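A.B. asks: Mind looking over this structure? Questions follow.
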């Protein structure tokens, strides 16, 4: 994945403008290592992860997610100060983590902040077991790459192409010919997902629905304690 992403960066960007590649821990580390090696650019662990904070993209409430990003990660200023930094993440879902980390990189003294996603733009909900955001809350739902780049505050943004992602997976097992890429292309492998089902998912997964559910659960706990 990292090598294919590096090839795309080489075609579209001036590689000499990148001083260091820094992964957003932990899941992007392998792709970032491969990318840095292929580009012949320095690789550095510039972000330290607090392992006691949960995944931010499934947290209810934008305010809570933004706060959790700052609690979850901290920068090593030496790796950012005065440098053009390429941050690598496994994906961009809501954009909350990306936006906060880009700003953290700037606060640590980065000259320019580039961003690379090892996955294509996430535009559609997963219906096979992953409790992701509602579709309208995906940053790529109604934005192109340029608009997403502006929204997260990066100087440049690049995504892995879906064909390259599929090719990478097939290197592990060439006998696998069909993939669930629904999060990226909206094509559901079971072929039984219609608009009504997606609307139902939307009503259950939105921030407002989750916050309402949390409020109801809290009220029930209070009532039980009183009884």
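A.B. asks: Looking only at residues in the range 149-167 that are in contact with a helix residue (DSSP H, G or I) (Cβ under 6 Å, 6 or more places away or on another chain) and assigned to a helix (DSSP H, G or I), which one is nearest to residue 110 (Cα to Cα)?
C.D. replies: The extreme case among them is 152.
A.B. asks: Only one of 187, 137 is surrounded by 15 or more Cβ atoms within 10 Å (Cβ to Cβ) and at pLDDT below 95; which? Please lay out each step first, then the result.
C.D. replies: Values: 187 fails: surrounded by 15 or more Cβ atoms within 10 Å (Cβ to Cβ).
From the options 187, 137, the qualifying one is 137.
A.B. asks: Among the candidates 19, 14, 26, which residue alone is at pLDDT 95 or above, out of contact with any helix residue (DSSP H, G or I) (no Cβ under 8 Å at 6 or more places or on another chain) and closer than 23 Å to residue 162 by Cα?
C.D. replies: Only one candidate qualifies: 14.
A.B. asks: Does residue 146 fit the bill of being free of Cβ contacts under 8 Å to residues at least 40 places away in the same chain and in a loop (DSSP other than H, G, I, E, B)? Talk me through it step by step, then tell me what you get.
C.D. replies: Values: free of Cβ contacts under 8 Å to residues at least 40 places away in the same chain: yes; in a loop (DSSP other than H, G, I, E, B): no.
When the stated conditions are applied, residue 146 does not pass them.
A.B. asks: Going by what's in this entry, would residue 6 be described as closer than 16 Å to residue 164 by Cα and surrounded by 15 or more Cβ atoms within 10 Å (Cβ to Cβ)?
C.D. replies: Details: closer than 16 Å to residue 164 by Cα: yes; surrounded by 15 or more Cβ atoms within 10 Å (Cβ to Cβ): yes.
When the stated conditions are applied, residue 6 passes them.
A.B. asks: Here are some residues: 86, 73. Which one is more than 11 Å from the chain's Cα centre (by Cα) and modelled with pLDDT of 95 or more? Step through it out loud before you land on a result.
C.D. replies: Details: 73 fails: modelled with pLDDT of 95 or more.
Checking each option against the conditions leaves just 86.
A.B. asks: Determine, yes or no, whether residue 122 is more than 21 Å from residue 34 (Cα to Cα), buried (at least 17 other Cβ atoms within 10 Å of the Cβ) and touching a residue at least 12 places away in the same chain (Cβ under 8 Å).
C.D. replies: Numbers: more than 21 Å from residue 34 (Cα to Cα): yes; buried (at least 17 other Cβ atoms within 10 Å of the Cβ): yes; touching a residue at least 12 places away in the same chain (Cβ under 8 Å): yes.
Answer is yes for this residue.
A.B. asks: Within the range 103-133, track down each residue that is within 15 Å of the chain's Cα centre (by Cα) and over 18 Å from residue 5 (Cβ atoms).
C.D. replies: Of the range 103-133, the ones within 15 Å of the chain's Cα centre (by Cα) are 114-126, 130-133.
Result: 123, 124, 125, 126, 130, 131, 132, 133.
A.B. asks: Being modelled with pLDDT of 95 or more, touching a helix residue (DSSP H, G or I) at 6+ places or on another chain (Cβ under 6 Å) and part of a loop (DSSP other than H, G, I, E, B) is the filter here; which residues of the range 110-132 pass it?
C.D. replies: 118, 120, 122
A.B. asks: Tell me which residues, restricted to the range 10-34, are buried (at least 22 other Cβ atoms within 10 Å of the Cβ) and within 16 Å of residue 120 (Cα to Cα).
C.D. replies: 28, 31, 32
The values are calculated or read from the model by the stated rules, or taken from the named source; none is laboratory data. Source: prediction; values computed, not measured. Note: ideal-geometry Cβ built from the backbone for every residue, glycine included; neighbour counts use all protein chains shown.
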